[in-house]
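The values are calculated or read from the model by the stated rules, or taken from the named source; none is laboratory data. Bear in mind the structure is a predicted one, so any value in this text is a computation, not a measurement. SASA here: full protein model, heavy atoms, side chains in, ligands and nucleic acids out. Shrake-Rupley method; radii C 1.70, N 1.55, O 1.52, S 1.80 Å.
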Amino acid sequence: MVKNTVTLSSFTHSCVAALASGGKLRTAETYTAAELSFRRFNSGKDIRLTNINSDIINRYQRYLLGRGLTPNTVSFYMRVLRAICNKAVRKNLMAPGEPFADVYTGVARTVKRAVSRRILRLVASANLEAHGRLGFARDMFMLAFYLRGIAFVDLANLKRSDLTGNLLTYSRRKTGQALCVRCEPAAMRIMERYAAPAGSPYLLDIISNPEGNVRRQYLSVQAAVNKSLRELSRRLSICPLTYYVARHSWASIARECSVPLSLISEGLGHDSVKTTRIYLASVRDSAVDRVNSRIVRLIDKG
């Protein structure tokens, strides 16, 4: 039987430090979030690793569900906490067991949120000159749509050198896949409006301090954009918007235009199933650009 006094908090912190030093910042953040969530469940108290059992984990699940969290969110916390515990078992800090056997750790299929052409036109045409932060959020949302659903991390990290004329080339941070996008006039107008100041290596004025913590800066701006988008949604009496809705909307409207799934996957820069990869091997950027041009013209009349 394993006997030790190592706590969940102290062990998680050591895992987070190791992950951060290895550049796995996103995973480190999920470990921290899961440990803080469990501590809230446990009335702010820490717990020894050896005291974690199926009864406690089941009560934790009921606590999360009772707070109105979705099954997928509950599963997220369970899976991260399970990963932490599995590391502790491998280090002989916990006895092997299955404390997570009776809780949900799957991923339920969710309905992807996308908005219609009508709503996109409403958002694009809203007069927000007197509302600076709402205008910025709206423009970042529309820019995401015009650039084939570019992820915010990729948008924030675009460099001046990535744009040649109206051709934007970049690699997705998530997958490393290289993408080349022909920017439509609507996208060019927004990028010119929010161009980074002279001397900055970035294309857009999102990362204000290139020498500082870049990740922290773009996450802060992304949170502010999503907050403003929710406010804009209320003002326009439409469904709640987030930056990511633009990505789903591009894919949804492309599908409505009878664009082949392989082209949509290429446009989004997806890593997909083997069959899709075979189709993607013969897709050219010019073909995707023609699709994007059609989609943008449905919304932008400028």
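Could you quote the convex hull projected area for the stretch 128-182, Cα atoms only and averaged over all directions, in nm²?
About 4.2 nm², averaged over all directions.
Give me a comma-separated list of calculated 3J(HN,Hα) values for the stretch 27-43, in order, Karplus coefficients 6.51, -1.76, 1.60 applied at θ = phi - 60°, integers in Hz, x for any Gly or Pro.
With the stated coefficients, the stretch 27-43 comes to 5, 4, 5, 5, 4, 5, 4, 5, 5, 5, 4, 5, 5, 4, 4, 8, 6 Hz.
Heavy-atom accessible area per residue, the stretch 32-124, 1.4 Å probe: how many Å²?
Spelled out: the 1.4 Å probe surface of the stretch 32-124, per residue, equals 58 Å².
Which aspartates and glutamates have a Cα less than 18 Å from the Cα of K45, not counting those fewer than 8 places away in the same chain?
Partners within reach: E35, D55.
Hey, could you grab the Kirkwood Rh for the stretch 1-151? Inverse mean 1/r over distinct alpha carbon pairs, Å, one decimal.
That comes to 18.4 Å for the stretch 1-151.
Using the 2.2 N^0.38 Å rule of thumb for compact globular proteins, work out how the stretch 58-112 stacks up: its C-alpha Rg over that value, please.
Ratio of Cα Rg to 2.2 N^0.38 Å: 1.25.
If every alpha-carbon in the chain counts as one equal scatterer, what log10 I(q)/I(0) does Debye give at q = 0.08, 0.13, 0.14, 0.16 1/Å?
The calculated log intensity ratios at q = 0.08, 0.13, 0.14, 0.16 Å⁻¹ are -0.46, -1.03, -1.12, -1.27.
List the residues, sorted by chain then number, that are 5 or more residues from Y202 or on another chain and whose placed amide H is less than 5 Å from its amide H.
So Y202 has HN proximity to R160.
Could you work out the relative contact order of the stretch 1-154, using alpha carbon pairs under 8 angstrom and six or more residues apart, expressed as a whole percent?
After rounding, I find 23 percent.
Percent of accessible area on the stretch 1-142 owned by carbon and sulfur, 1.4 Å probe?
52
Taking θ as phi - 60°, what are the ³J(HN,Hα) couplings along the stretch 150-156 by the Karplus curve (6.51, -1.76, 1.60), each to the nearest whole Hz, with x for Gly and Pro?
Result, rounded to whole Hz: 4, 5, 5, 4, 6, 4, 5.
Run the reach check for K159 against aspartates and glutamates, Cα to Cα strictly under 19 Å, same-chain hits fewer than 8 apart removed. What comes back?
Of all the aspartates and glutamates, those that pass the test against K159 - Cα under 19 Å, at least 8 places apart if same chain - are D139, E184, E192, D205, E211.
Using a 10 angstrom cutoff on alpha carbons, build the Gaussian network for the chain and name the most mobile of A187, A130, A195.
Ranking A187, A130, A195 by mean-square fluctuation puts A130 first.
From the helices alone, meaning DSSP H stretches of at least four residues, give me the mean residue ellipticity at 222 nm for the chain, per-run term -39500 (n - 2.57), in deg cm²/dmol to the nearest 500.
-17500 deg cm²/dmol
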